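To keep things clear, I will list the structure first and then write my remarks on it.
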Amino acid sequence: MMGAVRKALSSWLLVAAVWDDRRTLVAEGAVNCPSEVQPLLWEISEGGRIAYIAGTYRIPSSDIEPLETVVDEAVSCADIAYFPHGCSLDDTSKTTGVGNYMAHCNYYPIVDEKDAIADRLSPSEVSGLQAAIASLGGNAPTTCKAAVAELQTSKTITSLADNATYRTTLLELYHTCVEAINPLWCNTPPSTSQDFDAFLRKKWGTTKPIFGLEDVSVECQVYQGNTVAQDQELA
């Protein structure tokens with residue numbers, strides 16, 4: 001469960017310069033959320049130093065534009081930004097992003113003795129897992145019915161018991177199922193639609209530094225890191 005939340009919910013930290021009293025922003029009550037999709041923003045201050053923490057959700061940036069003035073001011077006045085990762089995980093460029101690093105995180109390491117779901121679960125557990133996925137449609141919102149149907153006819157169902165070809169981790173399969181029934185994600189626009197994380201990075205620009213709060217390998221463990229016993233419990 002925490003992995004799905006991790007994948008969707010992130011935060012970024014802006015460390016502001018020393019301001020005089022005339023330029024101090026008061027975030028409390030400043031952000032209006034009539035549509036309930038505006039970003040959350042907290043202000044932390046000590047002495048003359050100010051930091052902002054903004055919460056983001058994995059939704060298209062078009063859903064939250066235009067940003068409230070207080071967010072724009074925080075972005076323009078801060079000196080340093082801390083994102084969950086130094087580079088966007090959605091940026092597959094080898095120069096500005098993580099390349100194809102995250103792609104291997106969806107699969108069990110080849111050094112594992114049991115490197116397929118069918119090797120880690122008993123035949124009855126695999127059957128139960130397939131039945132659970134087959135029943136997703138009954139619990140999915142109407143807007144997600146098509147996404148669930150597409151998932152159910154994919155190799156997720158047809159190849160799950162094949163330990164020679166289906167090497168996707170159970171954690172990644174779990175994330176895929178959650179995405180298929182979540183109305184915010186099941187009809188995600190094409191990848192050309194800029195998400196909020198990429199939107200904030202673009203607004204931040206390239207002239208001020210961005211640091212990551214954790215190494216990308218930690219995020220990889222969100223998809224790849226379960227032991228055999230943990231996979232059996234998750235199933």
Inset, instruction - Would you kindly find the accessible area of Val75, with a 1.4 Å probe and non-protein molecules such as ligands, DNA and RNA excluded, rounding to the nearest 10 Å²? - result: 10
Legend entry - Reachable aspartates and glutamates, given that their alpha-carbon falls under 16 Å from the alpha-carbon of Lys145 and they are not under 8 places away in the same chain: Glu179
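Just to make sure I understand: if all protein chains stay in place, what is the order of Ser159, Ser124 by accessible area at 1.4 Å, largest first? List each step's numbers first, then the result.
Working: Ser159 25, Ser124 85 Å².
Largest accessible area first, the residues go Ser124, Ser159.
Taking the radius of gyration and the Kirkwood hydrodynamic radius from Cα positions alone, what is the Rg/Rh ratio for segment 105-225, to two decimal places? Walk me through the intermediate numbers first.
Numbers: Rg = 17.6 Å, Rh = 16.6 Å.
The Rg/Rh ratio comes out at 1.06.
Using the heavy atoms of the protein chains alone and a 1.4 angstrom probe, what is the accessible area of segment 60-187 per residue in square angstrom?
50
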Inset, instruction - With all protein chains present, calculate the accessible area of His175 using a 1.4 Å probe and round the result to the nearest 10 Å². - result: 0
Inset, instruction - Give the relative contact order (percent, whole number) for segment 139-235; include only Cα pairs under 8 Å separated by 6+ residues. - result: 38
Legend entry - Solvent accessible area, Å² - Ser45, 1.4 Å probe, full protein context: 70
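Please give me the summed charge of the neighbours of Pro209: other residues whose Cβ is under 14 Å from its Cβ, Lys and Arg +1, Asp and Glu -1. Please list the in-between numbers first.
Details: positive: Arg201, Lys208; negative: Asp79.
Around Pro209, the surrounding residues sum to +1.
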Inset, instruction - Working with all protein chains in place, sort Asp63, Asp112 by solvent-accessible area computed with a 1.4 Å probe, largest first. - result: Asp63, Asp112
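The values are calculated or read from the model by the stated rules, or taken from the named source; none is laboratory data. Keep in mind it's a predicted model, so treat the numbers as computed, not measured. A quick note on method: Cβ atoms are made from the backbone with ideal geometry, for glycine too, and the neighbour counts reach across all protein chains shown. Please note that ligands, DNA and RNA were not included when accessible areas were found on the heavy atoms of the full protein model with its side chains. Shrake-Rupley method; radii C 1.70, N 1.55, O 1.52, S 1.80 Å.
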